[in-house]
Amino acid sequence: MSWLSSEVSNNLLTFKTMFISIFLEALPFLLLGVIVSSLLQWFVSERLISKMIPRHPLLGILFACFFGVIFPICECGMVPVIRRLIAKGMPVYIATVFILSGPILNPIVFFATYTAFRTRPEVVYSRMGLALVVALVIGLLVYRFIRYQPLRFSLDTLYEEDLRDRSHESWTDKLTSRLMHLCNEWFEMTKYLTVGALITALIHTFVSTSQLAAYGQGPVSSHLLMAGFAYLLSICSTSDAFVASSFVNTFSVGSLLTFLVLGPMLDLKGTLMLFSVFKTKFVLTLGAIILVVVLAFSIGWDHIVLRSFS
C-alpha cells in the first residue's frame, strides 16, 4: 500500500503545482484586462467610437482589426459593447471583425502571450498574425453574404436601454455602480480562469504524456482536439496563453495556435452571450465560419510558416 500512497501523494503534488503556477501567472494579466475594460466602459463613448470608423468597407475592416490596439477589451466585454455600437450605426461586418480581433490584437494579450512563451517567440507573432488574417477574411465574408439585420431585439429597444438617463444619480451612486461592475467582471473572469487551470492541471496529472502526444502531434487531430479544448474551457484571452504554454512539449505548435486564436473568437460562454443578443441563424453561421477559417489557416500556418522555425 505504500506505493499507492506514494503515487497519490505525487499526483496531488503535480496537480497543486500545475494549478497554482497557471493561476498565479495569469492573474495579473486578468486583473489588468478587467481594469482596462471597465475604464473603457466608463469613460469612452460608443458614439465617439462610431464616428471614428471609415465609411469605405475595406478601410472599415482594417480599422476594426487594429481597434483592439487602441481599445483593449476582453472577449467577455465585447458583446454588450458591440450591441450598442450596432444600435448606433456600426455596420455588422465591422462589428464582427471587432468582436474577433479585439480580444487578441491588443497590447495586454500580446504581453501576456510573450510572457507565457518567452522561449518560443514565433508563437507570439504567429498568434497575432493569424488572428489578423482570420479577422480580415471573416469580415469580408460577412460583408459579402450577411444581408439581414442580425440583432435579436429592435434598434429602438436598444437605443432606449443605452440612452437611459442617469443624470439624477449622485456621484457616490455612480462610483458604487462602477466599482460593482469592476468587481462583478473580475469575479466572472476569475471563475473561468479557475476552471481552465483546474481542468488543465487534472489533464496533466491523470492523462499520460504519451497518450496526449499521440493526438497532439497529429496533423489534423491535434488541431481538432485543441479547438474543442478552447471552446469548452472558455478562458479569457488575457490568460489563455498560460494554459496553452503548459502543453508546449506535448502538442504541436500549430495546434497550440488553434487554441490561442479560436478560443477568444469562439468559445462556450461567448456563444451563449451571442445568442442573447443576435439571432440564432447569425450565431450559427458565424460560428461555422470561424471554425472553418481558423482551422484552415492554422493547419496551413503550421505546415508552411512554423516549419521554417524548426
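For the stretch 130-155, what are the residues that are in a helix (DSSP H, G or I) and either over 26 Å from residue 301 (Cα atoms) or without any contact (Cβ under 8 Å) to a residue 12 or more places away in the chain (or both)?
If we filter the stretch 130-155 for residues that are in a helix (DSSP H, G or I), which is where we start, we get 130-145, 155.
Within the stretch 130-155, 144, 145, 155 meet the criteria.
Of all the residues that make up the stretch 276-310, how many are more than 26 Å from residue 150 (Cα to Cα), modelled with pLDDT under 80 and among the polar types (S, T, N, Q)?
Final tally of qualifying residues: 2.
Give the residues of the stretch 1-50 that are modelled with pLDDT of 75 or more, farther than 30 Å from residue 114 by Cβ and exposed (fewer than 12 other Cβ atoms within 10 Å of the Cβ), sorted by residue number.
9, 10, 12
Kindly provide the set of residues from the stretch 102-149 that are over 20 Å from residue 31 (Cα atoms), buried (at least 22 other Cβ atoms within 10 Å of the Cβ) and among the polar types (S, T, N, Q), ordered by number. Full working, then the answer.
First, pick out the residues of the stretch 102-149 that are over 20 Å from residue 31 (Cα atoms): 118-149.
Then keep just the ones that are buried (at least 22 other Cβ atoms within 10 Å of the Cβ); that gives 123, 126-127, 130-131, 134-135, 138-139, 142.
126, the sole residue that qualifies.
Looking only at helices (runs of 4 or more DSSP H) that fall completely inside the stretch 200-269, which ones have 3 or more residues that are open to solvent by 10 Å² or more (accessible area, probe 1.4 Å), over 22 Å from residue 21 (Cβ atoms) and at pLDDT below 80? Break it down into steps so the answer makes sense when it comes.
Working: elements: 209-216, 221-233, 240-245, 253-265.
Hits in the stretch 200-269: 209-216.
The values are calculated or read from the model by the stated rules, or taken from the named source; none is laboratory data. It should be emphasised that the depicted structure is a prediction, and the values quoted were computed from it without experimental measurement. Because the Cβ atoms are built from the backbone with ideal geometry, glycine has one as well, and the counts that use them run over all protein chains shown. The accessibility values were calculated without ligands, DNA or RNA, using every heavy atom of the protein model including side chains. Shrake-Rupley method; radii C 1.70, N 1.55, O 1.52, S 1.80 Å.
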